[in-house]
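**Student:** Have a look at this one before I ask anything.
Here, each number is a calculation from the coordinates, and none is a lab measurement. The structure displayed is predicted, hence computed values, not measured ones. Neighbour counts are summed over all protein chains in view; Cβ atoms, including those assigned to glycine, are modelled from backbone coordinates with ideal geometry.
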Amino acid sequence: MVEEALGWMVWAAIGVGVAAPLWQRTADRVRRRRARTAFGRLLERGQLDAAPLPLGKADLHWASFRALPVGHTSHHSRWAVTRTITVTIESEEHELRVAAFEWHWDDMGQRHEERARKVRWRRTVAAIVELPVPSPSRVSIVPLGPTDTMMGAIVGPHGGFEVESHEFNRAFTVEFRDDTLAMKLLDAGMQHRLVTSLQGQRVELDENWLLVVGRPSHRDDSLYGPVGDLPAVIEDARAVAQAIPDAFWRAARRQRERLLRGGR
Amino acid sequence: MMLLAAVAALALLVPVVLATRSYNLLVAQATSIDAMWSGIDVELQRRHDLVPALVATASAYATHERETLEALVAARARAREADAEPSPGRTAAEDQLTDGITGLLAVAEAHPEMRADAHFRELQQLLVEVEDRIVASRRLYNVTVASYERRRRAFPSNAVAGTFGFEARRMFELHDPAAAHRPLVSI
C-alpha cells in the first residue's frame, strides 16, 4: 500500500517537473502575444511611433544612467515608442522628443556557485525626454524604500540633503554633485509634483536627458501589461519636464554659454 | 551577576552613545550653517558689486531718472554697511536693494535702447544668475537651520544642546527677486 502510494508520488513529481516548464513557456508565449497585440493597438491610435532604439541611442547608452539598472550581464529595452511633447520653458513653448520603453535586466541573486545561479529577468518602465540644454551636472531623485521610510519615521530624517517639504524628505533621497543646482531644481512646485504624482519613480537629469523610471502614476488598463504603462510614463515625464523651474534652465543656459566660450 | 553587570554597562553606554551622536550632529549642522551663511554673504556681495556697473550703464540712457539711480546707490551703501549676520537689519537692507534694482529695471523697460544695450543685458543676466544662487543658497541655509533648531529643541538632543551651549540660529528671509529681474532670453 505504502509502496503503491510512493510510486504515485514519484509519478506525480515527474509529471509536475515536466508540466511546469511547459506551462511556464506557454504562459510566456501567451503574454508576449497579448503584449504584441496591445502594442499594435497603441500604435494604431496614431499618437506614438514605434522606435527601434529609444531616441536613436543604443541600450548601452541608456545603461550608463544610474536610474536604469544594468543587471549582472545583460539588459535591453523593449516596446520602445517615441513622440514629441510641448513644454513651456521660461514662458516659451518648446517641442521636446520623448521616448518610453520597458527596460529589462538580469538578476542572478546573491549565490555565487555557478551551477546554483538562476537568471531572473526584472523589468521596469522608463521615459526619456531630450532636453533643449544640458543639465550643468547630474541630479538624481531616488524614492526611499519602505525600510528607509519606517526608519525615518522612528529616528527622524535620514540626515542627508533636505528640502522644505517634510513629505518629500520622507519619500525621496537626492543624489547630486552641486547642492545649489539640486536646490534650484527642487523648488516648491517640483517638490509638490514629485510628492503628489511620482512617488516610487526615480527621476534623473544628466547631460541632455531627463529620465523618469518606475511604475507610472496611472496606467491604461485597456492595454495589456507593460504597454499600458507607456502612455502614462510619457505623461509623467512631461509633467516633470514642465515642473523644472526657470532658475534651473537659467543655470543650464549660462553653463552652456560658458562652455561655448571655452570657459569653465 | 555577569548579566546584571552587562545590563548596567549597556544602560550607561546607550545614553553616552546617544549624547555623543547628538553632539556630533549639532556640531556638524552648526558648522554647515556658518559655511552656508558665508556662501550667501559672498553672493550678496557679488550683487552689491554689480550695482555700480548697472548704474553707470543706465545713467548713459536714463538721464532724467537721477532719483531712481541715487536711491539704488544709497540702498547699496546701506546693504554694504548692514550686519554681517542674518539679522532683520540685513534682511531689510537687502530687500531695499532689491526694490532699488527693480526700480532700475523698470526704468530700462521705458528705454528700449537701454534694454538693447549688450552690456546692460549681460549685466542683467549676471544679476539674475547671482540672484538665483542667492535664492537656492538661502533655501539650503534655511532648511539646515530648521533641521538644527528641530534637533536643538527635540528630546534627548535638547539636553546636549543646553549643556554645551548650542545657540539658536536665525533664518534668513528675502524677497525672491530673480523672477522679476530676469531678461527675456530664449533657450
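**Student:** Quick one: helix A:2-44 against the long Cα principal axis of chain A, what's the angle to the nearest 10°, folded into 0 to 90?
**Tutor:** Roughly 30 degrees, rounded to the nearest 10.
**Student:** Counting other beta carbons within 10 Å of each residue's own, what order do A:LYS118, A:LYS184, A:LYS57 fall into, fewest first?
**Tutor:** Ranked by crowding around the Cβ, least crowded first: A:LYS118, A:LYS57, A:LYS184.
**Student:** Still on this structure, please answer the following. Could you check the simple spin-label distance between A:SER217 and B:SER59, using points 7 Å along Cα→Cβ, in nm with one decimal?
**Tutor:** If labels sit at A:SER217 and B:SER59, their model points lie 5.2 nm apart.
**Student:** Provide the FRET efficiency to the nearest 0.05 for the A:ILE14-A:THR149 pair, computing r from the beta carbons and using R0 = 60 Å.
**Tutor:** Efficiency, rounded to the nearest 0.05: 0.80.
**Student:** Expressed as a whole percent, how much of the Cα-Cα distance distribution for the protein assembly as shown exceeds 43 Å?
**Tutor:** Details: 34891 of 101475 pairs.
Roughly 34 percent, rounded to a whole number.
**Student:** Could I ask something else about it? Going through the DSSP H helices of chain B, which span 27 Å or more along their own axis at the Cα atoms while scoring at least -0.5 as a mean Kyte-Doolittle hydropathy?
**Tutor:** Membrane-span-like by this rule: B:2-61, B:88-110.
**Student:** Here's a follow-up. Under a Cβ-only charge scheme (Lys and Arg +1, Asp and Glu -1), can you give me the dipole magnitude of chain A about the Cα centre, in debye to the nearest 20?
**Tutor:** In debye, rounded to 20, chain A gives about 740.
**Student:** Can you work out the FRET efficiency for the pair B:LEU12 and B:GLU85, with r the C-beta to C-beta distance and R0 = 41 Å, to the nearest 0.05?
**Tutor:** Details: r = 40 Å, r/R0 = 0.98.
The formula returns an efficiency of 0.55 here.
**Student:** Name the residues of the range A:16-33 whose amide N is less than 20 Å from a point 7 angstrom out from the Cα of A:VAL119 along the C-beta direction?
**Tutor:** In the range A:16-33, the label zone of A:VAL119 (backbone N under 20 Å from the point 7 Å along Cα→Cβ) covers A:21-33.
**Student:** Treating each Cα of the range B:1-159 as an identical point scatterer and ignoring solvent, apply the Debye formula and state log10 I(q)/I(0) at q = 0.08, 0.19 Å⁻¹.
**Tutor:** Taken in order of the listed q values, log10 I(q)/I(0) reads -0.40, -1.11.
**Student:** Given Cα positions, please report Rg to Rh for the range B:94-178, the hydrodynamic radius being the Kirkwood one.
**Tutor:** 1.26
**Student:** Points 7 angstrom from Cα along the Cβ direction at B:MET2 and A:ARG97: gap in nanometres?
**Tutor:** 7.1
**Student:** Right, another one. At what distance in nm do the modelled label points of B:HIS119 and A:ARG258 sit from each other, each positioned 7 Å from its Cα along Cα→Cβ?
**Tutor:** Simple spin-label model gives 2.4 nm for this pair.
**Student:** Next up: Sorted by average packing, counted as other Cβ atoms within 10 angstrom per residue and highest first, what order do B:110-117, A:214-221, A:12-19 take? Don't skip to the answer; put the middle values down first.
**Tutor:** Values: B:110-117: 14.0, A:214-221: 16.2, A:12-19: 9.9.
Packing order, densest peptide first, comes out as A:214-221, B:110-117, A:12-19.
**Student:** In the range A:1-41, if the dipole is taken from +1 on Lys/Arg beta carbons and -1 on Asp/Glu beta carbons about the Cα centre, which of A:ALA13, A:TRP23, A:PHE39 is farthest to the positive end?
**Tutor:** A:PHE39
**Student:** Helix-only mean residue ellipticity at 222 nm, chain A, DSSP H runs n ≥ 4 weighted -39,500 (n - 2.57), per residue, nearest 500. What is it?
**Tutor:** On the way: 8 runs with 110 residues, N = 264.
Rounded to the nearest 500, it is -13500 deg cm²/dmol.
**Student:** Please order B:PHE155, A:PHE168 by the number of other Cβ within 10 Å, starting at the fewest. Kindly include the intermediate steps, with their values, before the conclusion.
**Tutor:** Numbers: B:PHE155 6, A:PHE168 20.
Taking fewest neighbouring Cβ atoms as first place, the list is B:PHE155, A:PHE168.
**Student:** Still on this structure: From the square roots a ≥ b ≥ c of the eigenvalues of the alpha-carbon gyration tensor of the range A:123-264, which class results: rounded (a/c under 1.5), prolate (a/b over b/c), or oblate? Display every interim value, and only then the final one.
**Tutor:** Working: a/c = 2.27, a/b = 1.19, b/c = 1.91.
Oblate, because a/c is 1.5 or more while a/b does not exceed b/c.
**Student:** Quick one: what are the phi-derived ³J(HN,Hα) couplings along the range A:73-82, Karplus 6.51/-1.76/1.60 with θ = phi - 60°, whole Hz, x for glycine and proline?
**Tutor:** So the J values, rounded to whole Hz, are 9, 8, 7, 6, 9, 8, 6, 6, 10, 9.
**Student:** Determine the dipole magnitude for the protein assembly as shown: charges of +1 sit on the beta-carbon of Lys and Arg, -1 on that of Asp and Glu, nothing else is charged, the reference point is the Cα centre, and the result goes in debye to the nearest 20.
**Tutor:** 1720
**Student:** For a footprinting-style exposure proxy, rank A:ILE128, A:ILE244, A:ILE141 by other Cβ within 10 Å, fewest first. Don't skip to the end; give the middle numbers.
**Tutor:** On the way: A:ILE128 30, A:ILE244 23, A:ILE141 26.
Starting with the residue having the fewest Cβ neighbours, the order is A:ILE244, A:ILE141, A:ILE128.
**Student:** Here's something else I'd like to know. Using only Cα atoms, find the angle between the long axis of helix A:146-155 and the longest principal axis of chain A, and express it within 0 to 90 degrees, rounded to the nearest 10.
**Tutor:** Between helix and principal axis, roughly 60 degrees.
**Student:** Can you list, largest first and rounded to whole Å, the semi-axes you get for chain A by taking the square root of 5 times each eigenvalue of its Cα gyration tensor?
**Tutor:** 41, 24, 17
**Student:** Still on this model: Return the FRET efficiency for the residue pair A:HIS72, B:ALA106: r is the Cβ-Cβ distance, R0 is 60 Å, and the value is rounded to the nearest 0.05.
**Tutor:** My answer for the efficiency is 0.45.
**Student:** Do the sum for chain B: with -39,500 (n - 2.57) for every DSSP H run of n ≥ 4, divided by all residues, what is the mean residue ellipticity at 222 nm, to the nearest 500 deg cm²/dmol?
**Tutor:** -28500 deg cm²/dmol
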